[in-house]
Amino acid sequence: MMPNTLRRGIPALMILLSAFAYAADLPRSPAPEDAELYFISPQDGATVAPALTVRFGLRGMGVAPAGIDAPNTGHHHLLIDLEQLPPLDMPLPANEHVVHFGAGQTEAAITLTPGTHTLQLMLGNHLHIPHNPPVVSEKITIMVTESQ
């Protein structure tokens, strides 16, 4: 007879193993080696007001809304204050640190708290999964002032 604690853990383990198997089946769309993702504005080292417009630049690929599976396209995700990139084989999470622009936006008005912040862009495919190889901008650092 199996102890109750072990018996209760088996369904959780099965769910976890199923999630890993599902992740292995998620399609990472190919990206051209020369694709480039970058910030048009703000620039690295800029001092900005809390409310700012972030403009995204992309070379070597096109922008398509989430859900549209077209070759060499993707949509933008803004990574705010992340120390490391999210997993590259899973859909990007949606939270205060990973902002999705699934409608195909190439700029966005955002508001940040005063202080130092890092920003980075990552392109996701039609399922919000990073491309292979990942299309990621350089990480920039900006200073947000009380007002400007």
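A short reminder: the numbers here are calculations on the coordinates, not readings from a lab. In this text the structure is predicted, and so the values were computed from the model without any measurement. For neighbour counting, all protein chains shown are included, and Cβ atoms are generated from backbone atoms with ideal geometry for every residue, glycine included.
Determine the sum of side-chain charges near LEU112: Lys and Arg each +1, Asp and Glu each -1, restricted to other residues whose C-beta is under 11 angstrom from that of LEU112.
Details: positive: none; negative: ASP81, GLU96.
Its environment carries a net charge of -2.
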Applying the gyration tensor rule to the Cα atoms of the stretch 36-144 (axes a ≥ b ≥ c; rounded if a/c under 1.5, else prolate if a/b exceeds b/c, else oblate), the class is prolate
Taking the alpha-carbon centroid of each part, what is the distance from the stretch 99-119 to the stretch 21-71 in angstrom? 12
Give me the net charge of GLN43's neighbourhood, meaning all other residues with Cβ under 15 Å from the Cβ of GLN43; Lys, Arg count +1, Asp, Glu -1. -1
Cα-projected label distance for ASN72 with ILE40, points at 7 Å along beta-carbon direction, nm: 2.0
If I model a spin label at ALA51 and GLU107 as a point 7 Å from the Cα along the Cα→Cβ vector, what separation in nanometres do I get? 1.6
